[in-house]
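The values are calculated or read from the model by the stated rules, or taken from the named source; none is laboratory data. All of these numbers come straight from a predicted model, not from anything done at the bench. Because the Cβ atoms are built from the backbone with ideal geometry, glycine has one as well, and the counts that use them run over all protein chains shown. Heavy atoms of the whole protein, side chains included, go into the accessibility calculation; ligands, DNA and RNA do not. Shrake-Rupley method; radii C 1.70, N 1.55, O 1.52, S 1.80 Å.
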Amino acid sequence: MSGTQPLRRPARLAPGARVAVVAPSGPVPEERLQAGLDVLRGWDLDPVVAPHVLDRHGEFGYLAGTDADRAADLQSAWCDPAVDAVICARGGYGVQRMVDLLDWAAMRAAGPKVFVGFSDITALHEAFAVRLGLVTLHGPMAAGVDFVKSARAQSHLKATLFAPETVRTLRSDGTALVPGRARGVTLGGCLSLLAADLGTPRARPSARGGLLCLEDVGEETYRLDRYLTQLLRARWLDGVAGLLLGSWARCEPYDGVRALVADRLGALGVPVAEQFGFGHCDDALTVPFGVAAELDADAGTLTLDEPALS
């Protein structure tokens, strides 16, 4: 699957909906988890915590429990007919280790539901698009400090979940790095994870026809250069329709990142819009992946053809 085909939209949430919180990646701070659950309960949702969310791997402390347990939590939540949405607790690292342990046939049979996360969860956004053909939400996570302390992040995610027609246009805080308009289907996430996905089983063959959203955190410019160059050399960016840049938190000063993106991606000849306010940043917006949309880089807008959720 390339980036050209709109995907199936899950149903929006209603008051009382059951939301499962899972931890496919790194260990979860309990206090932040409780704060996030309180936010969800305040929206009249019924959050349930998967059994291994607070686990920590016995040998590798950067993992929230074993690969098998993390995969089992996600699969059980997804296949539970009483669960309407699955929200990740946090990112970190670990999805690459567990994604191929999931029973994708069983998850496909369970039907569509809402899935939310970002950062390391990029690998799951890609898998849900390619293996399940589902729209997913690149948005703040239940135990993320950027979620529990940000009214804007909370309100934008809540609107996307409950009234997605009210947030069909996302607005940038920046300017056009490369001007122009483009139409395509949204996809993307964390740059380093997209590069890491190349060559893996059932990986998306290219971003052709897509509006590619890119962000990352804590990377030196030469490493960002390496990821972008790898995507270019793999021909993964051939035919991409346009690019949206999110946050580059804890990377080198933004002027350097901006110059790198212009150097590496400017020759693609497609519109590039910057500072779109998604990713590892304060007040992060929720961006649906798998929805047909129009990017107007000059106006700094992304307008979805239809709401993210049905």
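For the range 207-229, the set of residues classified as assigned to a helix (DSSP H, G or I) and either out of contact with any Ser or Thr (no Cβ under 6 Å at 6 or more places or on another chain) or farther than 16 Å from residue 188 by Cα (or both) consists of 221, 222, 223, 224, 225, 226, 228, 229, listed by residue number. In the range 41-72, how many residues are under 15 Å from residue 18 (Cα atoms) and either outside the structural domain of residue 159 (by the TED database) or in contact with a strand residue (DSSP E or B) (Cβ under 7 Å, 6 or more places away or on another chain) (or both)? Residues meeting the conditions: 7. Would a scan of the range 10-24 turn up a residue that is closer than 30 Å to residue 243 by Cα and charged (D, E, K, R)? Checked the range 10-24: at least one residue is closer than 30 Å to residue 243 by Cα and charged (D, E, K, R). Pick from the range 150-189 the residues that are without any contact (Cβ under 8 Å) to a residue 60 or more places away in the chain and of a type outside the set (A, V, I, L, M, F, W, C): which of them is least open to solvent (accessible area, probe 1.4 Å)? Restricting to residues being without any contact (Cβ under 8 Å) to a residue 60 or more places away in the chain and of a type outside the set (A, V, I, L, M, F, W, C), the top hit is 155. Checked against (1) within 18 Å of the chain's Cα centre (by Cα); (2) modelled with pLDDT under 95; (3) of a type outside the set (S, T, N, Q), residue 123 meets all criteria but (2).
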